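For reference, the structure discussed in these notes is given below.
The values are calculated or read from the model by the stated rules, or taken from the named source; none is laboratory data. Computed from a predicted structure; not experimentally measured. Cβ atoms come from the backbone with ideal geometry, glycine included; neighbour counts cover every protein chain shown. What goes into the accessible areas is simple: the full protein's heavy atoms, side chains included, and nothing from ligands, DNA or RNA. Shrake-Rupley method; radii C 1.70, N 1.55, O 1.52, S 1.80 Å.
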Amino acid sequence: MTHEGIEAPATGTPYGRKVYAASVLIGMVVVFAIVGAAKWKSVLMLRTLEVEGKKIVTYDEVLRLANVTTQHALYDINLATLQAALQSNAFIRHAKVQREAPSSIHITISEREPAAMLVLSGRSEHLYLDEEGFLLPGVESPAIYDLPVITGLDSAQSFRPGMRTTNPDIISALEILKAARTVGPEVSHLISEVRVGNGHDIVLYAFDAGTPIIFGQGGALKKLATLDAFWKKFIVDGSAHELEYIDLRFEGQVITLPKSSAL
């Protein structure tokens, strides 16, 4: 039985020798290209470090963490190591690091944004907290201003930058501040201090008058919506100074005590 088809020419034929020679030539070109690319990469030096997304972390701090200079070859820099070094800063939630030939590394930073300042009695240093409860170190930055403070905590408790607190008082305070931002900018800017009490009633203090606002526990969104409506309707021209306190502990109600009644 015969089989019809196209047979590959033997390598000994002129056609076969040409195919073999072409294969060898292509192989040599590939090898030279690989070697050339390696040599090309080896002479590329880092010239610029571009940083995007920073508001609180300074460029100098990024340089310190990156620990790279123009003496480093661009392709000798380990991007994973560089990313890990950047994310060791408590303010940096995530860092994306990209190599951009012929001479740059581009870093995109996502920062943790402070939601409150944590003030501990008996301790001079202050810490910040983001809305997830991550503790952040005290820094000087124009991006941090007019933040409410959380007070009333025992200074003996362990709080250090980089940790995520599970303290129930702090979590309750952050929930109140988050609810305030949800209700609106007026009530959010109204709160200057959240004083916690080891599981007891939380007391807020108004920013403009320092008036105590007895908050109690739980129901943050409803209570603050009620406070917002009350404040817009009844508090005008600094009249909050005339109140001894405001009480939000009773659902749907705002109870006030004028200072004259406290006498």
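Scoring Ile170 on the criteria (1) touching a residue at least 12 places away in the same chain (Cβ under 8 Å); (2) open to solvent by 70 Å² or more (accessible area, probe 1.4 Å); (3) within 28 Å of the chain's Cα centre (by Cα) leaves a single failure, condition (2).
Please work out which one of (1) modelled with pLDDT of 90 or more; (2) open to solvent by 90 Å² or more (accessible area, probe 1.4 Å) is the condition Ala73 fails and give its number. Failed condition: (2). The set of residues in segment 97-107 being open to solvent by 70 Å² or more (accessible area, probe 1.4 Å) and β-branched (Val, Ile, Thr) is empty.
The numbered conditions (1) open to solvent by less than 20 Å² (accessible area, probe 1.4 Å); (2) within 22 Å of the chain's Cα centre (by Cα); (3) of a type in the set (S, T, N, Q) are all true for Thr81 except (1). Annotation: of all residues in segment 236-263 being of a type in the set (D, E, K, R) and part of a loop (DSSP other than H, G, I, E, B), the one that is least open to solvent (accessible area, probe 1.4 Å) is Arg249. Among residues belonging to segment 123-164 that are open to solvent by less than 30 Å² (accessible area, probe 1.4 Å), within 16 Å of the chain's Cα centre (by Cα) and over 23 Å from Tyr205 (Cα atoms), point out the one that is modelled with the lowest pLDDT. Here the answer is Ser141. The set of residues in segment 209-235 being part of a loop (DSSP other than H, G, I, E, B) and either open to solvent by less than 40 Å² (accessible area, probe 1.4 Å) or under 13 Å from Ile246 (Cβ atoms) (or both) consists of Ala209, Gly210, Thr211, Ile235. For segment 186-208, filtered to residues that are of a type outside the set (Asp, Glu) and open to solvent by 80 Å² or more (accessible area, probe 1.4 Å), the residue that is farthest from Leu153 (Cα to Cα) is His189. Pairs please, first residue from segment 59-79 and over 17 Å from Glu100 (Cβ atoms), second anywhere and open to solvent by 80 Å² or more (accessible area, probe 1.4 Å), Cβ atoms under 7 Å, 6+ apart in sequence or on different chains. As it stands, the answer is Leu65/Ser88, since those pairs meet every condition given. Going by what's in this entry, would His94 be described as at pLDDT 95 or above and surrounded by 13 or more Cβ atoms within 10 Å (Cβ to Cβ)? Here the answer is yes, as His94 does meet what is asked.
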